[in-house]
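What follows is a short report on a single structure.
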Amino acid sequence: MASNISSAVVSEHHAEGSVFDKTSGLRVIDLSNFEERKQEIAQQLVSSAKDVGFFFITGHGISQSDIDKTFEYSKLFFNLPVSVKEKHPFDLDTFAGWRGLKELSEVTGTRLWEQFVAPIDRPGNPIAGTKYPEDNLIPGFKKHVEEFQRKSQAVAGLLLRGLAIGLGQSEDFFLGGLDFDADDVATLLGFNYYPPTEGHWKAGDAFRLHGHADYNLITLLYRREGETGLELLPGKDAVADPRVKNQDIRGAWRGVPDNTASWVPAPPLKGTITVNIADILTRWTDGELRSTYHRVRSPDQATGEPLGERRSLAHFVAPNRSFVVKSIKGTYPPITAGELIASEGHAYGSKFNDPEWQRIAYSTEGFTAATATRGPARHALSQNPSNVFRVFVGSEDLFPEEAPRIAVA
């Protein structure tokens, strides 16, 4: 398996026939011949999703030429004048639109990240026709974005089928809300642009993107070889309800340990897609599958890391907005995917010009360890029972009688 990956990069664990990246420790899962191998693939997917929440995939069927073309469109978009891009602002309810360097600086404190989140433009969508530049400015852009997302969504469908099989559910269990042609389709393609740090870097610019967990169902991340910076936090207790992040800066954004040694670099592997579990899938599975914190670290000038631009494509796969997410064991109350997505968008909007949040999010020391592990999380809650965290994970044995159970209302 994963025969196109250099042996210098991965090591094979012959006991179970699995391949792991030597740097990050993430599993490399080969999706080829899925129908014949789906039981084997399902076991690998679930093991990775429960343990780390991140993994690499090969044999996915998306051509490198398609990926390269999408990156070219990314460059064309970000090269547009600000006066054009600002006509397509970020929409809090749908998470779609453009977030420029100035806006992101006011919200997050970073000057090193720009993003355009491209929706599927359906006639019944309330933002239809408002988030793309005119076709004469970037001919074929919107058409290509939809075609690329459709191909990527097919890969996501295989992953979700495998995860369902591995969890003992029907094969189509996670596919019910994924109607790509519906007016309320919520899947998005995020174009991330991180400008060169040379000449722009200043003291305190430790991260291009702060530690966070994705809001959606599952994310397929396309990266360019050699563009490092992604780091993740294996074993972090997942927060299953994205609205946890809404409460204040003392909420989940402070839930990442301040021990920077805990963060693991996950450089891109040629020929792979990086996949991570996101909040909605964690909620759906009662915390069994982990939505893991990750961030993008700035290049280290002292060690000679490249200071040039960095780009990535994040395919945020999500159920249609009207789809009701019901956790398997009933740990969380039913809620529509649209409500969960909007709550994340409005959480972002609430942080404009919040210097204390920015200081914590981008501190070189990282976040406090209040919710770093289950024990401290329970202790923090016992000290402040009014905290409105929902649930970190779904297992009942993680909440002993002496610790307050978190409200799910």
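Does segment 169-178 include one or more residues that are at pLDDT below 95 and over 29 Å from L230 (Cα atoms)? So far as segment 169-178 goes, yes, one or more of its residues are at pLDDT below 95 and over 29 Å from L230 (Cα atoms).
Could you run through segment 289-299 and say how many residues are part of a strand (DSSP E or B) and within 11 Å of D214 (Cβ to Cβ)? Residues flagged as part of a strand (DSSP E or B) and within 11 Å of D214 (Cβ to Cβ) within segment 289-299 amount to 1.
Residues are listed down the side, and each one gets a yes or a no for (1) in contact with a helix residue (DSSP H, G or I) (Cβ under 6 Å, 6 or more places away or on another chain); (2) more than 25 Å from L221 (Cα to Cα); (3) loosely packed, with under 14 Cβ neighbours inside 10 Å:
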{"site": "S291", "(1), (2), (3)": "yes, no, no"}
{"site": "H294", "(1), (2), (3)": "no, no, no"}
{"site": "Q301", "(1), (2), (3)": "no, yes, yes"}
{"site": "E305", "(1), (2), (3)": "no, no, no"}
{"site": "G308", "(1), (2), (3)": "no, no, yes"}
{"site": "P319", "(1), (2), (3)": "yes, no, no"}
{"site": "V324", "(1), (2), (3)": "no, yes, yes"}
{"site": "I328", "(1), (2), (3)": "no, yes, no"}
{"site": "P334", "(1), (2), (3)": "no, yes, yes"}
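Restricting the search to segment 232-288, which residues are among the basic types (K, R), in a loop (DSSP other than H, G, I, E, B) and at pLDDT 80 or above?
Across segment 232-288, the qualifying residue is only K270.
A search for C-beta distances below 6 Å between a residue of segment 130-141 that is closer than 14 Å to F90 by Cα and any residue that is of a type in the set (A, V, I, L, M), counting only pairs 6+ apart in sequence or on different chains, returns K131/A96; P133/V84. Those residues that are among the charged types (D, E, K, R) and surrounded by 14 or more Cβ atoms within 10 Å (Cβ to Cβ), I need them from segment 45-74; list them, please. Correct list: K50, D51, D66, K69. If you go through segment 300-313 and keep only what is touching a residue at least 40 places away in the same chain (Cβ under 8 Å) and not in a loop (DSSP other than H, G, I, E, B), you end up with Q301, R310, R311, S312, L313. Could you check, for segment 153-165, whether at least one of its residues is touching a helix residue (DSSP H, G or I) at 6+ places or on another chain (Cβ under 9 Å) and more than 29 Å from G59 (Cβ to Cβ)? No, segment 153-165 contains no residue that is touching a helix residue (DSSP H, G or I) at 6+ places or on another chain (Cβ under 9 Å) and more than 29 Å from G59 (Cβ to Cβ). The residue list V145, V82 contains one member that is more than 18 Å from the chain's Cα centre (by Cα) and crowded, with 17+ Cβ neighbours inside 10 Å, which is V145.
The residues on offer are N192, N136, and the sole one that is polar (S, T, N, Q) and either touching a Phe, Trp or Tyr at 6+ places or on another chain (Cβ under 6 Å) or surrounded by 15 or more Cβ atoms within 10 Å (Cβ to Cβ) (or both) is N192.
The values are calculated or read from the model by the stated rules, or taken from the named source; none is laboratory data. This structure is a prediction, so every number in the text was calculated from the model and none was measured. All Cβ positions, glycine included, derive from the backbone under ideal geometry; neighbour counts span all protein chains shown.
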